[in-house]
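Data first, discussion second: the structure below is written as C-alpha cells.
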Amino acid sequence: MAVETKIGGYICSGCDIGSAVDVEALLKMAKSEGCAICKSHEALCSAEGVQMIKADIAAEELNRVVVAGCSRRIKMEEFSFGDKVITGRANIREHVAWVMEPNDEDTQMAAEDYVTMEIHRMKNTDYIEPLVQDIDKTVLVVGGGVSGLRSALAAAGAGNDAVLVEKENLLGGWATKWKKVFPKAAPYKDLADSNVGDLIKKVEANDKIKVYTGSTIKKIHGEPGKFDVTLKGSSTDTFKAGSVVLAAGWKPYDANKLDHLGYGKNNVLTNVQMEEMLNSGGLKRASDGAAPKSVAFIQCAGSRDQEHLPYCSAVCCRVSLKQAKFIRDAYPDTQVYILYKDLRSPGQYELFYKNVQEDEGVFLTKGEVIRVDQLDGDRVEIELEDTLFGENIIVQTDMLVLAAGMVPNTHVEGVAEIMGDEAETAEKPAEAADGEEEADTGASAELGAKILNLSYRKGTDLPTLKYGFPDSHYICFPYETQRTAIFAAGCVRAPMDLASAENDAYGAALKAVQATELIGAGKAVHPRAGDTSNPDFFLQRCTQCKRCTEECPFGTLDEDEKGTPETHPNRCRRCGICMGACPERIVSFKDYSVHIIGEMLKSLEIPEEEDEKPRVLAFMCENDALPSLDIAAAHRMKINPFVRIIPVRCLGSMNVVWIADALSNGYDGVILIGCKHGDDYQCHFIKGSELANTRMENVREKLKQLVLEEERVQIHELSLSEWAKIPQVLDDFIDDIDTVGPNPYKGF
Amino acid sequence: MEISASGDRITADLLVVGGGISGMTAAIEASEFGKDAVLIEKEPFLGGRVVRMNQYFPKMCPPVCGLEINLRRIRTNDRIKVLTLTEVTEVSGQKGDYEVTLTVSPRYINNNCTACEECEKVCEIEVDDEFNFGLNKRKAVYFRNMAYPSLYVADPDYVKDPKFKACVDACKYNAFDLDQQPQTVTVKCKGIVWATGWKPYDAAKLDNLGFGQYDNVITNVMLERYSAEEGPTSGKISRPSDGGEIKKIGFVQCAGSRDENHLPYCSGVCCSASLKQARYVRAQYPDAEIHIFYIDIRTPGRLEDFYQELQSDEKVFFHRGKGADIKETGNKNLLISAENTLTGELTEHEVELVVLATGMVPNAATDKLPADTPLDDWGFLLPDAPSGIIGAGVTNRPVEVAASVQDATGAVLKALTAERS
C-alpha cells in the first residue's frame, strides 16, 4: 500500500437510525477504531450530507470513507467519491435500526459491530488496478449455416473482424437443402423462400469476414482476447481471436432407430429426406418413381419419447405443415394426413396452422401410433389409438414421412451430460480415436464433441445441459455461458426454427463483441459485469492441491506439469470460488480476500459466556440472500440481534478458514445463506452454492475433531423472494445454538 | 453520454423504450458493449410484466433474482441513464440520427427521499393496487421494490387531495415537491429499440367463461399475484369469494387465444405458465386435484420435461377439449363444460377455482408509435420498419422470458449497425 489509509467515519441518524441507536456512542467508537474523522448527519444522502463528506475528503485527504446508514444497494451514486476514495457501507438501517428493538443494548451492540467491521474492511481494502490490455477482437464463428452466417455478419457489422469456419465445403448448412421455409408475414398463408443464398453472398462479399470451408478447429489455445486458433482440414492456418460463437448446428435424429414407426420399410422416409426430395425433382415414391396419391406424416417420430429424444424439437409440426402445404399446392390430387400428439405452432404460426387446416385435402388428427405395417409391398398402414373419436383409426397411405427431431452437434452418444468434471465417469465418444493429433487439453479432454478443441483443463468444449445442448441454464440470461466469451447460437443450443436461429445469432454476436470490449478494458463480463478486480495467486505458497483448478466453474485455470495453477484473467468471472477453495489462502482480490473478511470477523468483541448473549456470523450471498434481507427490513420484520451479517460474492467464495477463525474467536456458530443448488440451481456462478455444501461436509468432520456440535455450522438455501422466511431461519439457528450452549472455546 | 446541465437534452447511442425485462436487457447489453443508452419506462418502477410474476417456468425461480442482478448492472454503469414515468411524444430523423422528444411526468418526490416510510404510515388515502390487479389496497404514497430510482412513489391522482398533506408533513427530508410539472427531454440518438411489452387479454370479453361475473374465476396473471409473497394474500392461493381452500381447481387453456373472435394467434407461453401454476397449487394443496383443459399442450424444447413431470403426477388431470362454458353453482363453485373439439362431446367438472389462461396482447397495438413503424394485424411490430425502429421481446411476437431477452440482446446490434432484419 503506497499511501496509508485515512478513513472518515460517517454515521447517518436519519430514517429512524437516530431514534434506535446512540449515534454519539457510535461516533466515539468509530474514532477509537481508527477513523481520522467522525461525523454524523441527519440525512447523509442529502446534498448537504454528501457535500460534508466531500469537503472532508478534500480537506483531510481521506482515501477511505465508511458510511454507516442504509443498505449498500441504494444511494450508490450519492456515496461514490471517485477513484481515489474507497467507500464502505455499514448497514445500520436495514440490518439494525429497522429490524431490532430501538434503544436496546443489543441493538446498540449490533450497530457498533457493523461499523467496526466496515472500518476494518476499509483498513484492509486496496485500490484495484484494472488490467487494461491490447487484445484481438476478432470473433471466431464456428459453423457456416444460417446461425453462423448471421453471427459473422452481425459481428462484422459491429466493426469487428470475423472468421467463419465451416466443416463442409459449402456454406449455408441445412437451409440450402430446404425447398421453402415457413410463411414470414401475415396472412401466414404462402410459403417463403429462405434467405440463405443472400446471407452467403453477403458473407463472401464482406471484407471483414474471412471464410474457411472444409475446415474444422484443431485447437483453440489461450484465453479470450488472446485465443490462438489452429485449423485442420482444407486449411491449417493459425490466427488470433478474441471471442467465439459456436454455431455448430444439428443433425437429424438417427431414423434407423425408428423401425417401430416403419423406417426401413418401402416408401417410408424422414422429414429431412422429404425436404431433399422436394428440392431435387419433386415428390416420387422410391418403389415405383410415381407421385404418391397420399402422404402421411407421423409427428414426434422419436421425439417426446423417453426411449429416443425426450424433448420436443419445436419445429417438426410446422415443417410437416409446410411440406403438406407444398405437396398440396404442387400435387392437388394428393391427400395428406398429419398424425400428431399435440400440434405445436406457436405465436403467429397459429395462423399458418389454421390455413393448412382449412384445406380439405389435409387431414389432421391426434393420436398415438401403435402400429406401422407395410401393405401390398409398397403402401403403409398406420394404426392410432387414444384418438378423439373414441376408437382406433387406421390410415393407409402411399408414402409415410417420419417427422424426426433435431440433435445438437454437441451431443455425444453415451455422454448424457457433460458438466465439466462430472462427466469424468462418462463413456468415451466412439469417434475420439481417429488417429488425429488431439489438442493438449488435460484431464477431461476426451469428453465433449471436440468441435472447439479448447485447450482448457476442464474440457474441449462448452459444457452442455441435459440432452447435449450447450444452452444457458438461466431464464433471465440466455447468453450466460460457462466458458467466458464463448457463446452458442442457433440449433446447437436449443431446437429452433430458422427465423429464431437468425435472431439468436444477432444476440450471440452482440455478446461476443461485447465480451471483447469488456475484456480489453479489464472488466468482468456478466454477472459481475464491469468489475475490475482480479484474483491474485501467491504461487510461492501453492501446494498444487488442484482444488482451485477443479472447482472453478468457468474453466479459468489450467495447470502446469506440477499442478500449479496457470491463471487466465480473461477467462475469470471474479466470483471468488478459487479463493474459497484454497486451503493455503493464497488467492485474494484487492477488495475481497480471506484476510479482509478474517480481519472483519476478528475485529468484533465477543460477549463473555456469563453475558448470555450468543454471537453468530451469517455469511450471506450478496446476489440473493442479502437483498432479501433488505426487503424483510422494509417490511420491518424483526431480525435476531445476536446475528452479524457478512456479505459474500458467492457462497462458493467462502473459505472454511473463516469458520475456523470464527469458532476460535468465540463466535457460537456460523450460518451460510445462499442460493439453491442441484438441477435447478439458482447460483449465479453455477456451482458456488453446491461447492459450499460440499465443503460443509469437511467442516462437519473438523467440528467432530474439535468436539464441537455440528449444529454450530449450518447452511441454508434461500431465494430472493423468500425474504419473509429470513427472520425464522435466523431465530431457528439461534435456538439451535442456545440448545448446544456457548462455544467452549470462548475466551481462549 | 452527454447530458445538458438542466438535464433536458441528452446525447446517447441508443434509446430503449420500455423498462421491462426486454428493455432493461437491451439497455444493459448496449451499455456493456460500450454504448450510451437511455432507458425509459412509463411506470415509476422497472421490471414490467415479469416483476408481477411469482416464479419462472420451468426452473421455478423468482424473477426478482435476475432483476436484482440487472438493477446492479444498471446502478454500477454510468453508460445507462434511466428515466421512469417517461413516455415518447415524438420521434424525428432516421436511423443513425434520431431526435426523440420525451415527456417526463412529475414524480412529486425528489432524491431527498430515503424510503423511511413515514409518509406511508400516516397516509389515510387507500386505493386499489393496480400492481395486484386491484386485489388489495395500497396507500396514495407507496414503495415498490423495483422503483427506479429507489424512492417512494406518489399517486398523481391524489397529490392534490387535502388528506395528502399529512404525508408531506410527515416527511423529515423535504422529499415532497408537489409543484413539479411535466418535463420535456430531448434525446439525440442513433438507434431506437421498442420494447413496450404486453398486457393480458381482457378476460371480461370472454363472456362464456364467467370472468367478472363469478368471484372464483380468475386469470393466470392474477394467480401469479395470489402466489407471490408480496401479493394480496401473502402468497396464499385461496378462493376470492371466501378465502377458502382449494380441493379442485380448473385451468382453462387458450382462454381467448387461437380464437378468431379474440386472439387468433397462440401466445406460446400459457401452457407452460399453467403447468407452472399447477405446481404452485400442488405445493400448497398436496391433496387438491388439478384439471387442465387444453387443445394442444405446447411445451417446445426442453419444456417438454416439465410437461412430462406433471403428466406423471396423479393429482394432475389433462382434458383435451376447449373450455366452452363456465357456470356458478350454489356454493360459488364452478361447473366447467369442456367441448371435445372434434367430436363435440361435452364433459362437466365442478371446481372451487377456475384459472383462465389468457394470452398476451402487445402494448404497441394501442400505443402511439412513431410514423413508419408498421404493425401486423394484431399489433406486433413488423420487421424492417422504414423508421428503423427495432422491436424487442413481445413487441415482436408472443414469447417467453428467455426468448424476449435473446431478442432484446440481438436488437442492440440491429438498432446500432447497418445489419438488421
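The values are calculated or read from the model by the stated rules, or taken from the named source; none is laboratory data. Keep in mind that what you see is a predicted model, and the values were worked out from it rather than measured. Positions of Cβ are generated from backbone atoms using ideal geometry, with glycine treated the same way; all protein chains shown enter the neighbour counts. SASA here: full protein model, heavy atoms, side chains in, ligands and nucleic acids out. Shrake-Rupley method; radii C 1.70, N 1.55, O 1.52, S 1.80 Å.
Does the stretch A:286-294 contain at least one residue that is under 37 Å from the mean Cα position of the chain (by Cα) and away from chain B (no Cβ under 13 Å)? Steps first, answer last, please.
We begin by selecting, within the stretch A:286-294, every residue under 37 Å from the mean Cα position of the chain (by Cα); these are none.
So far as the stretch A:286-294 goes, no, none of its residues is under 37 Å from the mean Cα position of the chain (by Cα) and away from chain B (no Cβ under 13 Å).
Filter the stretch A:53-83 for residues that are without any contact (Cβ under 8 Å) to a residue 40 or more places away in the chain and over 33 Å from the mean Cα position of the chain (by Cα); which is most open to solvent (accessible area, probe 1.4 Å)?
For the stretch A:53-83, the residue satisfying everything is A:Lys54.
If we scan the stretch B:321-338, do we find a residue that is surrounded by fewer than 23 Cβ atoms within 10 Å (Cβ to Cβ), away from chain A (no Cβ under 14 Å) and in contact with a Phe, Trp or Tyr (Cβ under 7 Å, 6 or more places away or on another chain)?
Within the stretch B:321-338, one or more residues are surrounded by fewer than 23 Cβ atoms within 10 Å (Cβ to Cβ), away from chain A (no Cβ under 14 Å) and in contact with a Phe, Trp or Tyr (Cβ under 7 Å, 6 or more places away or on another chain).
How many residues does the stretch A:483-532 hold that are at the interface with another protein chain (Cβ under 7 Å from one of its Cβ atoms), part of a loop (DSSP other than H, G, I, E, B) and of a type in the set (A, V, I, L, M, F, W, C)? Walk me through it before giving the result.
Of the stretch A:483-532, the ones at the interface with another protein chain (Cβ under 7 Å from one of its Cβ atoms) are A:494-495, A:502-504, A:506-507, A:509-511, A:513-514, A:517-518, A:527, A:529-530.
So of that shortlist, the ones also part of a loop (DSSP other than H, G, I, E, B) come out as A:494-495, A:527, A:529-530.
In the following step, the residues that additionally are of a type in the set (A, V, I, L, M, F, W, C) were identified as A:494, A:529.
Summing the residues that are at the interface with another protein chain (Cβ under 7 Å from one of its Cβ atoms), part of a loop (DSSP other than H, G, I, E, B) and of a type in the set (A, V, I, L, M, F, W, C) in the stretch A:483-532 gives 2.
Among what's in the stretch A:319-351 and is among the polar types (S, T, N, Q) and surrounded by fewer than 21 Cβ atoms within 10 Å (Cβ to Cβ), pick the residue that is farthest from the other protein chains (Cβ to nearest Cβ).
So the first thing to find is which residues in the stretch A:319-351 are among the polar types (S, T, N, Q), and the list is A:320, A:323, A:334-335, A:345, A:348.
With the extra rule that they be surrounded by fewer than 21 Cβ atoms within 10 Å (Cβ to Cβ), the set shrinks to A:334-335.
Details: A:Thr334: 23, A:Gln335: 18 Å.
Ranking the candidates gives A:Thr334 first.
Which condition breaks for A:Ala186 when tested against (1) modelled with pLDDT of 95 or more; (2) open to solvent by 30 Å² or more (accessible area, probe 1.4 Å)?
(1)
Restricting attention to the stretch A:691-748, which residues are over 37 Å from the mean Cα position of the chain (by Cα) and open to solvent by less than 20 Å² (accessible area, probe 1.4 Å)?
Of all residues in the stretch A:691-748, those over 37 Å from the mean Cα position of the chain (by Cα) come to A:705-708, A:738-748.
Matches in the stretch A:691-748: A:Leu708, A:Gly741, A:Asn743.
Looking at A:Val670 and the list (1) in contact with a His (Cβ under 9 Å, 6 or more places away or on another chain); (2) at pLDDT 95 or above, which single condition is not satisfied?
It is condition (1) that A:Val670 fails.
Does any residue in the stretch A:732-748 that is more than 9 Å from A:Arg712 (Cα to Cα) come within less than 7 Å, Cβ to Cβ, of a residue that is of a type in the set (A, V, I, L, M, F, W, C) and open to solvent by 80 Å² or more (accessible area, probe 1.4 Å) six or more places away or on a different chain, and which pairs are these?
From residues that are more than 9 Å from A:Arg712 (Cα to Cα), there are no pairs.
Sort through B:Glu314, B:Glu309 and tell me the only one that's surrounded by fewer than 24 Cβ atoms within 10 Å (Cβ to Cβ) and either closer than 21 Å to B:Met360 by Cα or within 12 Å of another protein chain (Cβ to nearest Cβ) (or both).
Values: B:Glu314 fails: either closer than 21 Å to B:Met360 by Cα or within 12 Å of another protein chain (Cβ to nearest Cβ) (or both).
B:Glu309 is the lone residue from the list that is surrounded by fewer than 24 Cβ atoms within 10 Å (Cβ to Cβ) and either closer than 21 Å to B:Met360 by Cα or within 12 Å of another protein chain (Cβ to nearest Cβ) (or both).
When you scan the stretch A:669-685, do you find a residue that is open to solvent by less than 10 Å² (accessible area, probe 1.4 Å) and over 30 Å from B:Lys59 (Cα atoms), even just one?
Yes, the stretch A:669-685 contains at least one residue that is open to solvent by less than 10 Å² (accessible area, probe 1.4 Å) and over 30 Å from B:Lys59 (Cα atoms).
Scanning the stretch A:130-181 for residues that are assigned to a loop (DSSP other than H, G, I, E, B) and of a type in the set (Val, Ile, Thr), which turns out nearest to A:Thr230 (Cα to Cα)?
If we filter the stretch A:130-181 for residues that are assigned to a loop (DSSP other than H, G, I, E, B), which is where we start, we get A:130-138, A:143-145, A:158-161, A:166-172, A:178-180.
Narrowing the set further to residues that are of a type in the set (Val, Ile, Thr) leaves A:132, A:135, A:138.
Working: A:Val132: 26, A:Ile135: 18, A:Thr138: 14 Å.
Here the residue is A:Thr138.
Condition check: over 30 Å from B:Thr409 (Cβ atoms) and either touching a Phe, Trp or Tyr at 6+ places or on another chain (Cβ under 7 Å) or open to solvent by less than 30 Å² (accessible area, probe 1.4 Å) (or both). Does B:Ala115 satisfy that? Full working, then the answer.
Working: over 30 Å from B:Thr409 (Cβ atoms): yes; either touching a Phe, Trp or Tyr at 6+ places or on another chain (Cβ under 7 Å) or open to solvent by less than 30 Å² (accessible area, probe 1.4 Å) (or both): yes.
Spelling it out, B:Ala115 is indeed over 30 Å from B:Thr409 (Cβ atoms) and either touching a Phe, Trp or Tyr at 6+ places or on another chain (Cβ under 7 Å) or open to solvent by less than 30 Å² (accessible area, probe 1.4 Å) (or both).
Checking the condition within 14 Å of chain A (Cβ to nearest Cβ) and surrounded by 19 or more Cβ atoms within 10 Å (Cβ to Cβ), which residue from B:Ala170, B:Ala228, B:Ala203 passes?
On the way: B:Ala170 fails: surrounded by 19 or more Cβ atoms within 10 Å (Cβ to Cβ); B:Ala203 fails: within 14 Å of chain A (Cβ to nearest Cβ).
Of B:Ala170, B:Ala228, B:Ala203, the one residue that is within 14 Å of chain A (Cβ to nearest Cβ) and surrounded by 19 or more Cβ atoms within 10 Å (Cβ to Cβ) is B:Ala228.
Collect the residues in the stretch B:102-122 that are within 12 Å of chain A (Cβ to nearest Cβ), charged (D, E, K, R) and not in a helix (DSSP H, G or I), keeping them in residue-number order.
Answer for the stretch B:102-122, where residues must be within 12 Å of chain A (Cβ to nearest Cβ), charged (D, E, K, R) and not in a helix (DSSP H, G or I): just B:Glu117.
In the set B:Ala288, B:Ala273, B:Ala255, which member is within 14 Å of another protein chain (Cβ to nearest Cβ), of a type in the set (Gly, Ala, Ser) and buried (at least 17 other Cβ atoms within 10 Å of the Cβ)? Break it down stepwise before answering.
Numbers: B:Ala288 fails: within 14 Å of another protein chain (Cβ to nearest Cβ); B:Ala255 fails: within 14 Å of another protein chain (Cβ to nearest Cβ).
Result: B:Ala273 is the single residue among B:Ala288, B:Ala273, B:Ala255 that is within 14 Å of another protein chain (Cβ to nearest Cβ), of a type in the set (Gly, Ala, Ser) and buried (at least 17 other Cβ atoms within 10 Å of the Cβ).
Matching residues to (1) touching a Leu at 6+ places or on another chain (Cβ under 6 Å); (2) in a helix (DSSP H, G or I):
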residue	(1), (2)
A:Val245	no, no
A:Glu275	no, yes
A:Gly282	no, no
A:Ile298	yes, no
A:Leu351	no, yes
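Report the residue count in the stretch A:161-171 for those that are open to solvent by 10 Å² or more (accessible area, probe 1.4 Å) and either farther than 15 Å from A:Glu204 by Cα or not charged (D, E, K, R) (or both). Spell out how you get there, then give the answer.
Filtering the stretch A:161-171 for residues open to solvent by 10 Å² or more (accessible area, probe 1.4 Å) gives A:161, A:163, A:166-171.
Filter once more, keeping what is either farther than 15 Å from A:Glu204 by Cα or not charged (D, E, K, R) (or both): A:163, A:167-171.
Total meeting the criteria: 6.
Just to be sure before I move on: is A:Ala286 surrounded by 18 or more Cβ atoms within 10 Å (Cβ to Cβ) and not in a helix (DSSP H, G or I) in the structure I sent? So that I can check it myself, show each step before the final result.
Numbers: surrounded by 18 or more Cβ atoms within 10 Å (Cβ to Cβ): no; not in a helix (DSSP H, G or I): yes.
Answer is no for this residue.
Within the stretch B:366-421, track down each residue that is at the interface with chain A (Cβ under 8 Å from one of its Cβ atoms), surrounded by fewer than 24 Cβ atoms within 10 Å (Cβ to Cβ) and of a type in the set (Ser, Thr, Tyr).
Scanning the stretch B:366-421 gives B:Thr417, B:Ser421.
Would you confirm, using the coordinates I've provided, whether A:Glu480 is at pLDDT 95 or above and more than 9 Å from chain B (Cβ to nearest Cβ)?
Working: at pLDDT 95 or above: yes; more than 9 Å from chain B (Cβ to nearest Cβ): yes.
Yes; evaluated as a whole, the condition is true for this residue.
Just a yes or no: is a residue in the stretch A:559-569 surrounded by 24 or more Cβ atoms within 10 Å (Cβ to Cβ) and more than 14 Å from chain B (Cβ to nearest Cβ)?
The first filter runs over the stretch A:559-569 and keeps only residues surrounded by 24 or more Cβ atoms within 10 Å (Cβ to Cβ), leaving A:565.
The next check asks that each one be more than 14 Å from chain B (Cβ to nearest Cβ); those that pass are A:565.
So far as the stretch A:559-569 goes, yes, one or more of its residues are surrounded by 24 or more Cβ atoms within 10 Å (Cβ to Cβ) and more than 14 Å from chain B (Cβ to nearest Cβ).
Which members of the stretch A:20-46 meet the condition of being open to solvent by 50 Å² or more (accessible area, probe 1.4 Å) and under 43 Å from the mean Cα position of the chain (by Cα)?
Initially, the stretch A:20-46 is screened for residues open to solvent by 50 Å² or more (accessible area, probe 1.4 Å), giving A:22, A:24, A:28, A:31-32, A:39, A:42.
Once the filter is applied, which keeps residues that are open to solvent by 50 Å² or more (accessible area, probe 1.4 Å) and under 43 Å from the mean Cα position of the chain (by Cα), the stretch A:20-46 yields only A:Glu42.
Restricting the search to the stretch B:236-259, which residues are within 28 Å of A:Lys354 (Cβ to Cβ) and in contact with a helix residue (DSSP H, G or I) (Cβ under 8 Å, 6 or more places away or on another chain)?
Pass one, the stretch B:236-259, residues within 28 Å of A:Lys354 (Cβ to Cβ): B:250-259.
Selection gives B:Phe251, B:Val252, B:Gln253, B:Cys254, B:Ala255, B:Gly256, B:Ser257, B:Arg258.
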